[in-house]
1. List the number of the failed condition for residue A:409; all other conditions in (1) within 21 Å of residue A:574 (Cβ to Cβ); (2) at pLDDT 90 or above hold.
2. Any residue that is part of a helix (DSSP H, G or I) and in contact (Cβ under 8 Å) with a residue 24 or more places away in the chain - is there at least one of those in the range A:302-313?
3. So which of A:595, A:633 is under 30 Å from residue A:366 (Cβ atoms) and not hydrophobic (A, V, I, L, M, F, W, C)?
4. Kindly indicate which of A:477, A:521 is at pLDDT 90 or above, closer than 19 Å to residue A:565 by Cα and either assigned by TED's automatic domain parsing to the domain that holds residue A:551 or within 44 Å of the chain's Cα centre (by Cα) (or both).
5. Name the single residue, out of those in the range A:585-594 being in contact with a helix residue (DSSP H, G or I) (Cβ under 8 Å, 6 or more places away or on another chain) and surrounded by fewer than 17 Cβ atoms within 10 Å (Cβ to Cβ), that is nearest to the other protein chains (Cβ to nearest Cβ).
6. Here are A:294, A:385, A:338: which of them is farther than 30 Å from residue A:427 by Cα, touching a helix residue (DSSP H, G or I) at 6+ places or on another chain (Cβ under 7 Å) and of a type outside the set (Lys, Arg)?
7. Which residue, of A:173, A:199, A:247, A:188, is at pLDDT 75 or above and loosely packed, with under 14 Cβ neighbours inside 10 Å?
8. So, residue A:366, is that one on the phi < 0 side of the Ramachandran plot and touching a residue at least 12 places away in the same chain (Cβ under 8 Å) or not?
Amino acid sequence: MLVPLAKVRIIGRSGDLDQALDALHRLRRVELAPADGGAASWSGGQGARVQDRHRDQLRLLIATLDALVGLRGDDLEHPGGDPQPAADAARVHGPAVDPRAVARDAVARELAALTPDVEALVGAVEVLRSEQAVLRRYVALLSGLLELAPELAMLEERELAALRLTTVALLLSSEGARVVELLDEALSEILGERFWLLSAPIDEDGIGCVLVHPQDDAEAVNRLLGQEHIRHVPLPEPYARLSLRTSVESMQRRLAELPAELGVAQTRLSEQIGPYVESWTAQRAALSAQLEQLDALALAGATERTFHLAGWTPRTDMAGVTSSLEGELGGRVVVEELAEGRADHDAPVLMRSSRAARPFQPLVRFFDTPRSRSVDPTGLMAIFLPLMFGLMVADVAYGAILLALVLVARARLSPRYPAFGQISPVLIAGALWAIAFGILFGEALGNAGERLGMPALWLRRDSSQAVVPLLVLAVSIGAVHVVLGLVLGIWQSHRDRDRRELLGHTGTLVFLAGAFLLAGIVAGLLPAAATTPIAAALVGGLVAVSVAGGALGAITGPLELLGAITNVLSYLRLAAVGLASVYLAVVANKLAGVGPIFMGILIAAFLHALNLMLATFTPSVQALRLHYVEFFGKFFLGGGRPFAPFGVPQPGSPSGVATGLSSSDMVRPASVRE
Amino acid sequence: MVTLVNGLIAIGAGLAIGLAAIGTGLAQARIGAAAMGAVAEKPELLGRAILLVAIPETLTILGFAVAAMVIVLLKV
């Protein structure tokens, strides 16, 4: 159900606005809305600039705190999740924060004093990480090059110097297929035979080359390489004058030393920030509260000497909100409930369901959030969805396997994936209904249960006589579901005083009743004498729907009624999907008896596993579709906005919270400033 | 007993659901492509997209109903 929300107005003296916002923030029971004619006066002119400056400073401090704690691997952000009812807010999001417990300037000073040391330590860690990354790249490159010329790898620096040779490592782009060949030609033109060039692909993007040439030709070679825009791979300074082999060895030694140095640097960093993390967490929460309250100022309205706030709160919390505010402000505030207009569709929506129905709430919200003052179908979905799922699967063995899988998955996955834990009762209910219908139809792994002597309480779906009763059962469920949707639609349009919708839904309902009775006559269940009232119902329904359709009603009315009948027939899928499932199981059992026993078991196991997978997926989608299209289409009004109480962190919100402004720098309307 | 008449009835029932399924497939292909394009730009439309994709399935169900009636009423 949707919790009735009261529209409230809070009026007080201008000087008490801070305190009122502070109290509301801690109360976490009121969602603030823009007050009539307020925002401009509170946030205009110089006052707005002061607010903006404070807001920027708060955001900077919050970001800095997040960054500092992030260095330690913690995350100060509040956990995401749906806005909770006020009573649950403290349990879910922790105790309310006192924004005045932390002074913005004090935090700024503390961070300014601490930041240089932290930055130095972070810098040291970054330098070591950077060195590690660079050396890894060089070692990979040079090791590849050394494999090209094992003889070169044997040469020491002094030997290279004695031979007056220079070694150059090059990295060429592999995009040009002939790049090495062209380089070889260019070197031949200036060096003749006096060079040695070896190449091999280093990775997907590059070709590594080793060029050995006389030291005397170094200038000409460098000029050529510069002209050709070839990427020379300069070694880091400590390794620049070493031979390739010595460079690689030195780099590998350094790489072996780096983890220990990195560990020491990170430990120092953790020791530096560790003692502050707890206080930073509290400061961050308080600053966020200040920012939220500051943002809330823009929603307040003002007169010469008063402020007024508007908002929404659960009607059941109204008395508590009033007494809390009056207690906090010493009676200097008035809280009144405003009359809610029927067309006030901006009101937020707070969905509250029984424990059994709560897992189905996400399925409703997946479609859309119900609009304020509309019907919340969560409870009805909790009844019909598992029933439809169970009717389609209807197999004791499949239901039991599914139940076991869900229970195991819930036990293992719930800690990591809370969403699965929340929605798993839907699957459990579906599996239980599948077992129940399986007993009704005497099915376990298709007709294997029958072979083992399992009785059917009603009928066996794989028999030829079962088709008609199953179709009738499916259509009957559809009729009940669609009629229920229409009744809810009638109630909704009556509540909204929407006469046209009311007439349309009523006409459709009357027409459907006539159609059902007509089917009864055709089936011989009703006497032919009932034809006249049935015809009257059909015609009356058609006229009502056509009139409700307005100018084009003569065209849209019949189409609407045809759609309603199609909606009912759409529930035939309950029988169709079920029959497909049972026949696949029967085929699996038949194939099990063909050929050698082990092959039969293998084939049967495969087909039953496939059937179980399909029996889990398809009925879920079909049952949801029947709800979203056939059922919700009759009454559901979407586009609602979830209730977001002031003070409860909202998913995706930056961090801001309340005014945090001290009395001295509190922004006042220009007319109030003295 | 399998007779020519029964065979023709069975073929008729198969055509009823088969052609309906082909029609559904064609419709779902176009709706699905458009719906996924919309979801790529506005992920919050996923629920509506699934709803739109699911709508043509009724054609197959009606085909199934016709096939079932052909078989049951003509007593294959």
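1. (1)
2. Going through the range A:302-313, the residues part of a helix (DSSP H, G or I) turn out to be none.
Checked the range A:302-313: no residue is part of a helix (DSSP H, G or I) and in contact (Cβ under 8 Å) with a residue 24 or more places away in the chain.
3. A:633
4. None of the others qualify; the one that does is A:477.
5. That would be A:587.
6. Sole residue among the options that is farther than 30 Å from residue A:427 by Cα, touching a helix residue (DSSP H, G or I) at 6+ places or on another chain (Cβ under 7 Å) and of a type outside the set (Lys, Arg): A:294.
7. On the way: A:173 fails: at pLDDT 75 or above; A:199 fails: loosely packed, with under 14 Cβ neighbours inside 10 Å; A:247 fails: loosely packed, with under 14 Cβ neighbours inside 10 Å.
Checking each option against the conditions leaves just A:188.
8. Details: on the phi < 0 side of the Ramachandran plot: yes; touching a residue at least 12 places away in the same chain (Cβ under 8 Å): no.
Against the criterion (on the phi < 0 side of the Ramachandran plot and touching a residue at least 12 places away in the same chain (Cβ under 8 Å)), residue A:366 does not qualify.
The values are calculated or read from the model by the stated rules, or taken from the named source; none is laboratory data. Source: prediction; values computed, not measured. Here Cβ is always computed from backbone atoms with ideal geometry, including for glycine, and neighbour counts include all displayed protein chains.
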